[in-house]
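Q: The structure follows.
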Amino acid sequence: MHTEDGIATTQQDKIKVAMDYFSKAVGTSMVRSRRINWSALGYSAFNLDDLNVPFTIQELYQIIKSLPSEKAPGPDDFIGVFYKKMLGDNQTCSI
């Protein structure tokens, strides 16, 4: 890993280079002098507790069945037909 000071070769040196870079890029936290008045903007809070509930097996099967067969839903390049073939007709296979 090339740096201004030379080449970082050890893991510790690489960690230091990465930490220094991101500290400069992101900066440090600071206390804000002003706050956003959400209610003046018409914002009302939502109850997001359901986002922490685990998916059910049935929900996963429904999602797999609704996938487009010839498109990859993510960066792993597995297309929908792969997951559908894995699922098959039984609802007990592990995915």
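Q: Within region 15-74, list the chymotrypsin sites (Phe, Trp or Tyr not before Pro) lying in a DSSP loop whose Cβ has at most 10 other Cβ atoms in a 10 Å radius.
A: TRP38, TYR43, PHE46, PHE55
Q: What is the log10 of I(q)/I(0) for the chain, computed with the Debye formula using one identical point scatterer on each Cα and no solvent, at q = 0.11, 0.14, 0.20 Å⁻¹?
A: Values returned for q = 0.11, 0.14, 0.20 Å⁻¹ are -0.82, -0.85, -0.95.
Q: Of all the stretches in the chain, which is the longest one without any exposed loop site, taking trypsin sites (Lys or Arg not before Pro) in a DSSP loop (any state but H, G, I, E, B) with at most 14 other Cβ atoms within 10 Å?
A: Within the chain, the longest run free of exposed trypsin sites (Lys or Arg not before Pro) spans 36-70.
Q: Output the 0 to 90 degree angle, nearest 10, between the alpha-carbon long axis of helix 57-66 and the longest principal axis computed from the alpha carbons of the chain.
A: 80
Q: Mind putting a number on the dipole of the chain about its Cα centre? Charges go on the C-beta only, +1 for Lys and Arg and -1 for Asp and Glu, and I need it in Debye to the nearest 20.
A: Roughly 360 debye for the chain.
Q: Among the lysines, which have Cα under 26 Å from the Cα of LYS24 when same-chain residues fewer than 8 positions away are ignored?
A: LYS14, LYS16
Q: Using a cut-off of 22 Å between alpha-carbon atoms, which lysines can reach LYS84, once sequence neighbours fewer than 8 places away in the same chain are excluded?
A: The qualifying lysines are LYS65, LYS71.
Only the coordinates and a few stated rules stand behind these numbers; no lab work does. Just so it is clear, the structure is predicted and the values come from calculations on it, not from any experiment. Note that we place each Cβ from the backbone using ideal geometry, even for glycine, and neighbour counts take in every protein chain shown.
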